[in-house]
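The values are calculated or read from the model by the stated rules, or taken from the named source; none is laboratory data. Because the structure is a prediction, the values reported are computed rather than measured. No Cβ is skipped: glycine too gets one built from the backbone with ideal geometry, and neighbour counts run over all protein chains shown. Just so you know, the surface numbers come from the protein's heavy atoms only, side chains and all, with ligands and any DNA or RNA stripped out. Shrake-Rupley method; radii C 1.70, N 1.55, O 1.52, S 1.80 Å.
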Amino acid sequence: LGPPPAFPGVPLPAAGLFLLAACVLAWMIFRGNRSNGLMGVFAAWTPIHAPLVGPLASKAQLLAIASELQLQLEAGVSLEAALHALSRSLPTPALRRELALAGRKLRAGEPGWRTLADLRMMPPNALSLLAAGEASGKLPEMLGVVANEARLDLEAQAERLAVKLNSFAVVMTGLVVGAAVFAMMGLISFTFESIAAVGTATSQTLQTLS
């Protein structure tokens, strides 16, 4: 009957691929937590325009930055000081430069929501929330809403990526199995042809000797 599948309804090769991906992801999270407590290696170093994983990295960056800004503002830290602290704690130079630039624009008199709009991971639909929150004195609450939306989007995109990876694993498994069967059939055919050739040569030799 063979061994049961590692996960119900998931082919054994696909389950193995997912286990490998989970191990790699766990290693990246572990390394990220060791090197930076705010943002993991994957979220920090993956380009947000990269195929498949770019949107995941963008949402993870938005979730981390919005959550941290909300936490510091609720603790009484000014937005300028929070941006300065984030610009010195993130691991990637590009994000540090963007946050430092936002802090300089804030000191120059620009509204807080407008400076946050220059961050590359900030979606356009979040600007109206941040503008309304700053005008009403509820910017931390609106940052919490943005962070929650980023978390929901991140979970949905991760599920869609898992479906795509599962389909890709099934297709690749079929291709590998098909190639193995084709190679085995070729080997069997070659073996039978070799046996037939040897038999023919033996028969001809016996006829010659007789």
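Taking A132, is it within 31 Å of the chain's Cα centre (by Cα), free of Cβ contacts under 8 Å to residues at least 12 places away in the same chain and surrounded by 10 or more Cβ atoms within 10 Å (Cβ to Cβ)? Let's see the steps before the verdict.
On the way: within 31 Å of the chain's Cα centre (by Cα): no; free of Cβ contacts under 8 Å to residues at least 12 places away in the same chain: yes; surrounded by 10 or more Cβ atoms within 10 Å (Cβ to Cβ): yes.
Taking the combined requirement at face value, the residue does not satisfy it.
Quick one: is E141 assigned to a helix (DSSP H, G or I) and in contact with a Gly (Cβ under 7 Å, 6 or more places away or on another chain)? Yes; evaluated as a whole, the condition is true for this residue. Taking the criterion of being free of Cβ contacts under 8 Å to residues at least 40 places away in the same chain, open to solvent by 40 Å² or more (accessible area, probe 1.4 Å) and under 28 Å from the mean Cα position of the chain (by Cα), the residues of the range 86-112 that qualify are R88, P93, R96, R97, E98, L101.
Considering the range 118-138, the residues that are closer than 23 Å to L56 by Cα and assigned to a loop (DSSP other than H, G, I, E, B) include one that is modelled with the lowest pLDDT, namely D118.
Filtering A75, A50 for residues that are modelled with pLDDT of 90 or more and either farther than 17 Å from V146 by Cα or in contact with a Gly (Cβ under 6 Å, 6 or more places away or on another chain) (or both) leaves a single hit, A75.
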